[in-house]
1. If you roll a 1.4 angstrom probe over the protein chains with everything in place, what fraction of the accessible area of the stretch 184-319 belongs to carbon and sulfur, to the nearest %?
2. In whole percent, what relative contact order does the stretch 221-346 give with Cα contacts below 8 Å and a gap of six or more residues?
3. Using θ = phi - 60° and the Karplus curve 6.51 cos²θ - 1.76 cosθ + 1.60, what whole-Hz ³J(HN,Hα) does each residue of the stretch 203-210 get, with Gly and Pro shown as x?
4. Within the stretch 40-144, what whole-number % of the accessible surface is contributed by carbon and sulfur, with the 1.4 Å probe and all protein chains included in the calculation?
5. Sequence gap at least 6, Cα distance under 8 Å: using those rules, report the relative contact order of the stretch 105-245 to the nearest whole percent.
6. Give me the accessible area per residue for the stretch 147-269, probe 1.4 Å, as a whole number in Å².
7. If one computes the Cα centroid of the stretch 298-318 and of the stretch 221-297, what distance in Å separates the two points?
8. Provide the net charge surrounding Arg316, with neighbours chosen by a C-beta distance below 12 Å and charges set as Lys +1, Arg +1, Asp -1, Glu -1.
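The values are calculated or read from the model by the stated rules, or taken from the named source; none is laboratory data. Predicted model, so just to flag it, every value in this text is computed and none were measured. Neighbour counts are summed over all protein chains in view; Cβ atoms, including those assigned to glycine, are modelled from backbone coordinates with ideal geometry. Just the protein is used for accessible areas: all its heavy atoms, side chains included, with ligands, DNA and RNA removed. Shrake-Rupley method; radii C 1.70, N 1.55, O 1.52, S 1.80 Å.
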Amino acid sequence: MGGPGRELVAGGAGADRRAREGRRRTHGGERAMVPPAEFTSYYGRPVVKPAPWENDIPAYMFAGGLAAGSSLLAAGADLTGRGSLRRAGRLTALGALGFSMVTLVHDLGRPERFLNMLRTVKVTSPMSVGTWILALYGPPAGVAAAAEVAGMLMPRSARAPLRLLAAVGGPAGVLAGVLAPPVAAYTAVLLSDTATPSWHEAYRELPFVFCGSAAAAAGGLATALVPAAQAGPARRLAVGGAVAEVLAEHRMERSMGITAEPLRSGAPGRLMRAARTLTLAGAAGMLLAGRSRAVAVASGAALLAGSACTRFGVVRAGIASARDPRYTVVPQRERVDRGEPVRHPG
């Protein structure tokens with residue numbers, strides 16, 4: 001990956017000379033007909049090395065966000081006495097967490113590589129901090145879900161073991177809910193801390209986009225799974241998360257300058273447009289669902305799909321921005337022209 005924060009000039013001195021010549025005026029006051037400078041790089045390589053990610057990492061980010069949102073919803077349901085909502089949230093969190101770990105290990109290649117990341121703690125590294133957040137979140141989320149499974153399988157006559165399971169599962173579920181927001185947000189911080197242009201320039205709003213997306217997905221799925229009488233908090237979480245995601249994503253694109261272009265064009269652009277359409281449609285359906293199971297299921301599916309499209313769109317837009325030198329060079333030149341210091345990712 002190219003050195004973060006360096007002033008890398010695409011095209012070399014020749015491109016700058018051609019640009020200056022293009023700005024000169026001839027005797028008659030007409031601009032010289034010189035082609036604009038092309039953004040190229042040495043040996044035809046990208047200025048910033050694109051991340052070698054396919055589908056595993058965006059799927060991991062989506063599933064992790066779904067798990068975090070479900071744990072947060074389950075903790076609230078436990079504190080307010082909504083048993084069906086608590087059960088759905090805890091079991092969804094366990095299933096989503098398991099899927100996210102499978103995709104992460106598949107991307108890493110070997111399971112021990114994840115364990116190797118736990119050998120040290122580096123508070124200045126989002127990768128290290130995120131690994132420990134995930135490691136701390138997993139056990140209580142698993143214990144809370146195990147208590148739910150045991151409670152469903154154990155006969156009602158076994159009152160003492162059931163009370164013990166409830167006593168263990170309750171605090172574990174609350175702890176998982178407390179750790180849920182960092183789990184949903186740390187992947188956005190991880191992306192923003194790289195030199196990849198469209199990720200780095202989104203550092204202000206991307207955590208809010210991911211957290212809103214996680215809340216919308218978790219609330220939508222829970223609304224589709226539980227009875228309408230207990231689905232009120234899930235429905236409100238889904239609508240609030242959807243609105244937060246769409247507003248934060250709109251603000252993000254406006255603040256990113258030229259690096260927002262990959263989010264609007266090509267395959268990433270199609271994914272981001274699909275994410276907005278599905279998210280808004282799902283939120284509208286949540287408001288109109290009432291007690292209709294069919295509308296609740298369709299709206300929940302739309303919110304889940306929209307959340308997945310957001311992760312895939314953001315990841316692929318970042319990879320596309322790294323392959324085009326102008327998304328690295330133009331923002332740096334603009335900062336220099338304004339007299340601003342160059343930010344150093346990492």
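1. 67 percent
2. Normalised by residue count, the contact order of the stretch 221-346 is 29 percent.
3. Along the stretch 203-210, the couplings run 5, 6, 9, 4, x, 5, 4, 5 Hz.
4. 64 percent
5. Taking the mean separation of contacting Cα pairs over the length of the stretch 105-245, I get 17 percent.
6. 41 Å²
7. After rounding, the separation between the Cα centres reads 9 Å.
8. Its environment carries a net charge of +2.
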